[in-house]
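Asker: So that we are looking at the same thing, I have put the structure below in structure tokens.
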Amino acid sequence: MLYSELVDAPEKLKGHIALVKVNDPHMMEVIQVILTKTQAEISIYDTENVSELIKQFQLEDEVDQRLHIYQAEDDDEMFALCEKHLDAGHTQILMKGRIMTADILKFVLQRKQFMRDERFLNHVACFEIPGYKKALLMTDPALNVSPSVEDRIKMVKQLHTFAQQLGYSELKVGLLSSIEKATKSVPSSVEAAEISDYFAEHPVAQLKVDGPFAFDNAMNVDNARRKGIQSEVAGDVDALIVPQLDVGNVLYKSLTQFGGAETIGTVVGAKFPIVLTSRTDDIQSKFNSVVLALKLL
């Protein structure tokens, strides 16, 4: 699938977003773009009065129409209101505003009713990389520090569900290491081989999982052939599973800082999409992440 397909046709998208803490001009501009370019509704949960910002961005007419304001006395009341609306299905997406990522994740993880059976969250980043023929998905560059083999099997399964929701007919997943053969001195290669063997023994329709692969062989079929790698996945990956957060974080930042990649992302594993954008993300990036989340509904 092309990256452009992940973010196209936003004007057709509907859904109700729970946005936590937005008393900030940058976040209010994001709200303005969402309301202008989609059919989504937004509920704001905050402990501060946002009325002046509403006026500043000329959004008064949207209040009680597609924009709903819930001002609480403190964080506990704010999260209780947000929880009530998510539980009832009144809101369908959780989005981080001007609040720490750890606080949003704590809010989700402490409420069993929010979680799917696996009780495991992971972050999926979606890249458009100049020179690569399709969108590249990657997990997990942001949440799980040292995921076990079992954790990464869950990541693959959740990634497959995510891709199906987006309309992928088939998903090719590469398991990243620094070498192509399982070698005891490189634990990530042995673990990748274990994960690959698991999916060989427990096949899933429209899902191909293989590895270990070094990054260059995962991404370039000629490199894979020169190394003598015979695989339907090598050189044609739709998604990469990284062995640990350090690898994912460095790769993510390398692709965006020096590789000219555009990126969006969401957190999967809860019963609703979670949009965890960074304070450094620009308006378009945050909007595109919302579009991606709306497409998962």
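The values are calculated or read from the model by the stated rules, or taken from the named source; none is laboratory data. Keep in mind that this is a model prediction, so the values were computed, not measured. Note: ideal-geometry Cβ built from the backbone for every residue, glycine included; neighbour counts use all protein chains shown. The area values use the complete protein model at the heavy-atom level, side chains included, leaving out ligands, DNA and RNA. Shrake-Rupley method; radii C 1.70, N 1.55, O 1.52, S 1.80 Å.
Asker: For E191, indicate whether it is over 19 Å from the mean Cα position of the chain (by Cα) and closer than 30 Å to T101 by Cβ.
Answerer: Yes; evaluated as a whole, the condition is true for this residue.
One line per residue, one yes/no per condition, for (1) open to solvent by 40 Å² or more (accessible area, probe 1.4 Å); (2) over 28 Å from Q110 (Cα atoms):
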| position | (1), (2) |
| --- | --- |
| E201 | yes, yes |
| V204 | yes, yes |
| D210 | yes, yes |
| F213 | no, yes |
| V233 | no, yes |
| T277 | no, no |
| S285 | no, yes |
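Asker: Which one of these is at pLDDT 95 or above and under 30 Å from Q113 (Cβ atoms): L292, L251? Step through it out loud before you land on a result.
Answerer: On the way: L251 fails: under 30 Å from Q113 (Cβ atoms).
After applying the criteria, what remains is L292.
Asker: Being farther than 22 Å from M219 by Cβ and open to solvent by 50 Å² or more (accessible area, probe 1.4 Å) is the filter here; which residues of segment 139-177 pass it?
Answerer: V145, S146, E150, K154, K157, T161, Q164, Q165, G167
Asker: What pairs can you find where one residue is in segment 20-35 and touching a residue at least 60 places away in the same chain (Cβ under 8 Å), the other is among the small types (G, A, S), and their Cβ atoms are less than 8 Å apart, with a gap of 6+ or different chains?
Answerer: Final answer for the pair search is V20/G97; K21/G97; V22/G97; D24/G97; M27/G97; I34/A40.
Asker: Search segment 280-291 for residues that are closer than 15 Å to V22 by Cα and pair each with any residue that is at pLDDT below 90 and surrounded by 20 or more Cβ atoms within 10 Å (Cβ to Cβ) when their beta-carbon atoms are under 6 Å apart and the residues are at least 6 apart or on different chains.
Answerer: What qualifies is K286/T277.
Asker: Looking only at segment 250-268, decide whether some residue is crowded, with 19+ Cβ neighbours inside 10 Å, of a type in the set (S, T, N, Q) and under 21 Å from the mean Cα position of the chain (by Cα).
Answerer: Checked segment 250-268: at least one residue is crowded, with 19+ Cβ neighbours inside 10 Å, of a type in the set (S, T, N, Q) and under 21 Å from the mean Cα position of the chain (by Cα).
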